[in-house]
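Okay, structure first, notes after.
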Amino acid sequence: MILKFLRVSSFVLLMSSFHGFCDPEVSTSNDSIQYYLEQAKQKYQDNFQEALVSTQLVEKIAVKNNYDDVPEINFTYASLFYVNGNYSNSLKYFLKAVSGFKNHNDVVGESKSYAGIGLIQQAIDRHEVAILYFDKAISLIEDDKFLLSSYYFNKSISYLELHNLRKAKQFLDRSHKFAVESNRKGVLHKIQNRKAQLLFLERKFEKSK
């Protein structure tokens, strides 16, 4: 239960609505796709099965209307499997989402997908690899303060796990800056908790000298 809470807590920082793809000639189908994707996002934290059904409905609509590449669907599948602890399937769908977003020239979606892969690596204690993926995500959206607050926060967590307290503090401070500028109160709360953890570790390190 605790592990699931940590996965959800990390992913809440990443999940936010996509603008979606737009085709004025198929607006009804597009509206249905966006509706069910939104349903999945609302349910992914506490009802995996219902969220999965909503995502499968989206996929059926996409296939019926010959949409062969809707990266938001793959991203949503990846998100669901991540929160449910199924990292193998999550990684598979994040990689598909990266490819799809690249094809659509959607750098925000591509960036979020790289960040999702970073979260998977972080969850299995591959923190050096996680940092590389967070850096990929950051490089694509250097002006998006909302997302940067999440990315730097998650990057700082990996540095904490690697016991690199200097870099952990550096990226926590950077996350704090962007969280303040984008008014992300939830992120600010999480940053304060991590700063308290960092301070404890710093004092413990000083005493061990």
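The values are calculated or read from the model by the stated rules, or taken from the named source; none is laboratory data. All of these numbers come straight from a predicted model, not from anything done at the bench. No Cβ is skipped: glycine too gets one built from the backbone with ideal geometry, and neighbour counts run over all protein chains shown.
For region 42-54, check the following and say yes or no: at least one residue is touching a helix residue (DSSP H, G or I) at 6+ places or on another chain (Cβ under 7 Å), under 30 Å from Arg174 (Cβ atoms) and surrounded by fewer than 23 Cβ atoms within 10 Å (Cβ to Cβ).
Within region 42-54, one or more residues are touching a helix residue (DSSP H, G or I) at 6+ places or on another chain (Cβ under 7 Å), under 30 Å from Arg174 (Cβ atoms) and surrounded by fewer than 23 Cβ atoms within 10 Å (Cβ to Cβ).
Over 25 Å from Thr76 (Cβ atoms) and among the polar types (S, T, N, Q), is that true of Gln122?
No: the conditions fail for Gln122.
Please state which of the following conditions Ala196 fails to meet, knowing it meets all the rest: (1) of a type in the set (Gly, Ala, Ser); (2) within 20 Å of Asp143 (Cα to Cα); (3) without any contact (Cβ under 8 Å) to a residue 24 or more places away in the chain.
Among (1) of a type in the set (Gly, Ala, Ser); (2) within 20 Å of Asp143 (Cα to Cα); (3) without any contact (Cβ under 8 Å) to a residue 24 or more places away in the chain, Ala196 violates only (2).
Kindly indicate whether any position in region 109-124 is acidic (Asp, Glu) and buried (at least 18 other Cβ atoms within 10 Å of the Cβ).
Yes, region 109-124 contains at least one residue that is acidic (Asp, Glu) and buried (at least 18 other Cβ atoms within 10 Å of the Cβ).
Going by what's in this entry, would Lys64 be described as basic (Lys, Arg), at negative phi and crowded, with 22+ Cβ neighbours inside 10 Å?
no
Rundown of residues vs (1) at pLDDT 95 or above; (2) of a type in the set (A, V, I, L, M, F, W, C); (3) crowded, with 18+ Cβ neighbours inside 10 Å, yes/no style:
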position	(1), (2), (3)
Asp143	no, no, no
Leu148	yes, yes, yes
Arg166	no, no, no
Arg184	no, no, yes
Ile191	no, yes, yes
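With the condition kept exactly as written, say whether any residue in region 74-94 is at pLDDT below 85, surrounded by fewer than 18 Cβ atoms within 10 Å (Cβ to Cβ) and either on the phi > 0 side of the Ramachandran plot or more than 17 Å from the chain's Cα centre (by Cα) (or both).
No, region 74-94 has no match at all.
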